[in-house]
Each structure stands twice: as structure tokens, then as C-alpha cells.
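The values are calculated or read from the model by the stated rules, or taken from the named source; none is laboratory data. Predicted model, so just to flag it, every value in this text is computed and none were measured. Quick reminder, even Gly has a Cβ in these numbers, built from the backbone with ideal geometry, and neighbours come from all protein chains shown. These area figures cover heavy atoms from the full protein model, side chains too; ligands, DNA and RNA do not enter into them. Shrake-Rupley method; radii C 1.70, N 1.55, O 1.52, S 1.80 Å.
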Amino acid sequence: MPGSLEPLDLGVHIPYHFRCPISLELMRDPVTVCTGQTYDRASIESWVSTGNTTCPVTRATLSDFTLIPNHTLRRLIQEWCVANRAFGVERIPTPKQPADPALVRSLLNQASSDSAPAHLRLSSLRRLRQLARDSDKNRSLIASHNLLQILLPIVFNNGSDELSHESLALLVMFPLGESECASLASDSMKIGYLSRMLAHNSFDVRVNSAALVEIVVVGTHSPELRAEVSSVDEIYDGVVDLLRSPISHPRALKIGIKALFALCLVKNTRQKAVAAGAPAVLVDRLADFEKCDAERALATVELLCRIPAGCAAFAAHALTVPMLVKIILKISNRATEYAAGALLSLCSESERCQREAVAAGVLTQLLLLMQSDCTERAKRKAQMLLKLLRDSWPQDSVGNSDDFACSQVVVVPF
């Protein structure tokens, strides 16, 4: 029973007609098919999508695949949920109905029509964005109507800023193919436009511009084209500035670190991220990221530590080394690997960083890492770091470290 506790543990009896005949679970969005039988929408859609053309209960052929919402039954189920909330049963939400294909076509036609009044085109784009937010099914439906061919000209070639910004907000909700990404990456005018939008007065416009930059860089297979996008100084300035957003804007932080990581995968332009102030911002904001974004942030730190300017910038920040030591074995195996790699780069270049790492307790952390189930790459980095720091260990630790096999270290490029 989705969203509730185990029914058998609670002794809650679910009325038979509240259960979907396919999944046998409490229906959340009951719909009726042409045979008069009612099913949960997700179950019957899955049944039909696998090629079945009969009603699961009656075995009669489905002459019409229209699904009619059973509002009466859904309200009865909601009332039953409320009546049993003392047993941990949560009320099912009122489902949003799928978008009507005819409505989607009409909205797209109106949005793309140069002869339509601007306010109607804006209204259509906003309605499409609302529908896209409602469900994956709606997004699939909208995308199937040549959406990209409609939106891209509006974003980049339209005389109305408001229409352009609204189209951009809708565009970044959908994936772009490699051909679209390559086309954008190779057009310096469009990349220049996005870089200017990263400095726009509207916060949403800046976030959406960064989102499109990330989509284009990730979706472009050509190293040369990725390098062209990454060579624009203003893009780094705008993306790093997004990472300074308050924690109350989680989308800005998420898109900002995704975009920065994608840009920093291009080795030859990493110094631009350093010049834009990325090292200090990454250290200051690391605690504000969720798990996946924290992993991206640490991967970015490690990438930037591989260039002299980045290594120097991180070493100059008083919190860098203690933070990286503390992160080992705390967030995830990936985060541990990236933190160990960044520490290895920093300590290889700076004796001061070595002393800071030892003072922060890195010896214990690395020994624990070697005994953990972390990746082999993380353990190799830890082993190299232990050997590098051997002369900096406290004397009472050196005497007890002979049994630790760090003298035979194989340096593996990473």
C-alpha cells in the first residue's frame, strides 16, 4: 500500500473494490476502461504499454483505450484513508489529469505563431511549463510535438525578451539531443547570448541559462566544441556567482555545481574557474550541498587541484585541508575518493598543507580508509598520501607504522 504502513502489521482491511485488480494495491488514481472495469491508472497504462489489448478482468478486447477518471471512487478511497489515518494510512493526493494532446498541440501552435499577440504566446508557454511540471507523461507528450524546433528559435531569435526567457525556462525541462547540443556549442552568437543571460537581473533567467549551458556541454561529444563553450570567461563568472546563492535557493546551487563540474572537465580552461573564484566558493558552500551535489563539488575540487593555480587557491583557504580530512568516510565512497585525491595534490605541493592535514587527523582517517570497502582508486590515493606524509607523522605514530605496507606504492595515473 504505497505511502502507508504495512497493512498486515496494522490489521487494516482494505476494501476489495479499493484495490487495483492488477497490482492488488490501494488505487491512487482510479480510471475506468471501456469494459466498465476500474484500475489504477499506472497499472492499466503499464498493461497496455506492454502490448496487451484486452481487459485484464473480463478478457474482452479493449475497443477504446480512453481512460476515464473515476472521481467518485477516488473520493471514497480518500475518505477511507482519512478515517484510518490513526493506523498510519496516508491520504492519497488528488491526481492531476494527463494533458490533452489536442490542448498541447494548440498551445504549441499558438506559442510558435509570429502573428499571435505576445501575451497569448506567453500564456501558452507558461501553460506548457505548468503541464510539463505535472508529470513525466506530460513532458513526453509535449516533447513529441517537435518541441525543440519550436522553442530554440524563440529563445535565440526572438525580439521579445520576455518570450525568450519563458521559452528558455520551458526548454531546460527537456533533454537535448547530441545534434542540438553540437549546433548550439558551435554557434558563438548563441553561446555569447547565454553568457550574457548569466548576468541578467532576473535570478530565474540566470539559473535557466546555467542549466542550458550544462546541458550543452554534457551533451556535446566533440572535445573541441566543449572547449569552445568552456573558453568564455563570462560563463564561469555567472556559474560561480550562482553558487553564492542563499541556501533557500537549492535549485540554483544544484544547477550551479552541475554546470561548474561539466565546465571543469575541460582541462585547458580550468584556470578560468579559478580566476572566477570557484575554489573559495566551493569550500564555503560544500556543507550546503545534498549528497550527489557534494560528490560533484568534491570532484570539481579534485579537478581544480590538478592545476597549479587551483592548487594554490585551495591551499590559501584556511578551511580546505581540515574540511577534506573531515569528509573522508563521511558522505560516500565517491566523496572519499575525491577528497583523498584533492589532499594528495595539495600535500604534494605544500609542506604547510601536509602539517595541516596531520593536525586535522588525516593519519587515522587514511588508515580507516585502507580497511574500508572504498574503491581501489581511493585506497591507492590514500596509500600514496600516507607515504608522502610519513615524515610529518607524530613520532609516536611512526614507531607503530612499520607493519603498514606503504613502502611499496605503485603510482597509478588518475
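Kindly indicate the residue of region 311-331 that is in contact (Cβ under 8 Å) with a residue 12 or more places away in the chain, within 27 Å of the chain's Cα centre (by Cα) and not in a helix (DSSP H, G or I) and also nearest to A278 (Cα to Cα) among those meeting that condition.
Looking at the filtered set, the residue picked out is L319.
Name every residue in region 67-126 that is closer than 21 Å to A143 by Cβ and among the β-branched types (V, I, T), in order of residue number.
If the condition is that a residue be closer than 21 Å to A143 by Cβ and among the β-branched types (V, I, T), then V104 is the only one that fits.
Does A297 satisfy the criteria of being without any contact (Cβ under 8 Å) to a residue 60 or more places away in the chain, under 22 Å from L263 (Cα atoms) and assigned to a helix (DSSP H, G or I)?
It is true that A297 is without any contact (Cβ under 8 Å) to a residue 60 or more places away in the chain, under 22 Å from L263 (Cα atoms) and assigned to a helix (DSSP H, G or I).
Out of the helices (runs of 4 or more DSSP H) lying entirely within region 208-284, which hold 3 or more residues that are free of Cβ contacts under 8 Å to residues at least 60 places away in the same chain, aliphatic (A, V, I, L, M) and within 22 Å of H165 (Cβ to Cβ)? Talk me through it step by step, then tell me what you get.
Values: elements: 223-230, 233-242, 250-264, 270-275.
Here the list reads 233-242, 250-264.
Consider region 75-90. How many of its residues are at pLDDT below 90, touching a helix residue (DSSP H, G or I) at 6+ places or on another chain (Cβ under 6 Å) and not in a loop (DSSP other than H, G, I, E, B)?
1
Filter region 184-207 down to residues that are open to solvent by 50 Å² or more (accessible area, probe 1.4 Å) and part of a helix (DSSP H, G or I), then give me how many there are.
Going through region 184-207 one residue at a time, the tally reaches 5.
Has region 266-277 got at least one residue that is crowded, with 21+ Cβ neighbours inside 10 Å, within 25 Å of A359 (Cα to Cα) and not aliphatic (A, V, I, L, M)?
no
For residues that are buried (at least 19 other Cβ atoms within 10 Å of the Cβ) and touching a residue at least 24 places away in the same chain (Cβ under 8 Å), scanning just region 123-138, find the one that is farthest from D29 (Cα to Cα). Working first, answer last.
Taking region 123-138 first, the residues buried (at least 19 other Cβ atoms within 10 Å of the Cβ) are 124-125, 128, 131-132, 138.
Next cut, touching a residue at least 24 places away in the same chain (Cβ under 8 Å) only: 125, 128, 131-132, 138.
On the way: L125: 27, L128: 22, L131: 18, A132: 19, N138: 16 Å.
Taking the candidates together, the pick is L125.
Got a number for residues in region 74-113 being closer than 23 Å to V31 by Cβ, small (G, A, S) and open to solvent by 30 Å² or more (accessible area, probe 1.4 Å)?
1
Of R352, R334, R377, which residue is more than 19 Å from V283 (Cβ to Cβ) and either part of a helix (DSSP H, G or I) or open to solvent by less than 30 Å² (accessible area, probe 1.4 Å) (or both)?
Sole residue among the options that is more than 19 Å from V283 (Cβ to Cβ) and either part of a helix (DSSP H, G or I) or open to solvent by less than 30 Å² (accessible area, probe 1.4 Å) (or both): R377.
Taking V274, is it of a type in the set (A, V, I, L, M, F, W, C) and farther than 28 Å from L324 by Cα?
no
Somewhere in region 157-167, is a residue small (G, A, S), closer than 22 Å to A252 by Cβ and either in a helix (DSSP H, G or I) or open to solvent by 30 Å² or more (accessible area, probe 1.4 Å) (or both)?
Scanning region 157-167 turns up at least one residue that is small (G, A, S), closer than 22 Å to A252 by Cβ and either in a helix (DSSP H, G or I) or open to solvent by 30 Å² or more (accessible area, probe 1.4 Å) (or both).
Residues checked against (1) assigned to a helix (DSSP H, G or I); (2) touching a residue at least 40 places away in the same chain (Cβ under 8 Å):
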position	(1), (2)
I22	no, no
G36	no, no
T58	no, no
F65	no, no
L73	yes, yes
I92	no, yes
L108	yes, yes
A116	no, no
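For L344, are the conditions met, namely being modelled with pLDDT of 90 or more, closer than 14 Å to V283 by Cβ and of a type outside the set (S, T, Y)?
No, not satisfied.
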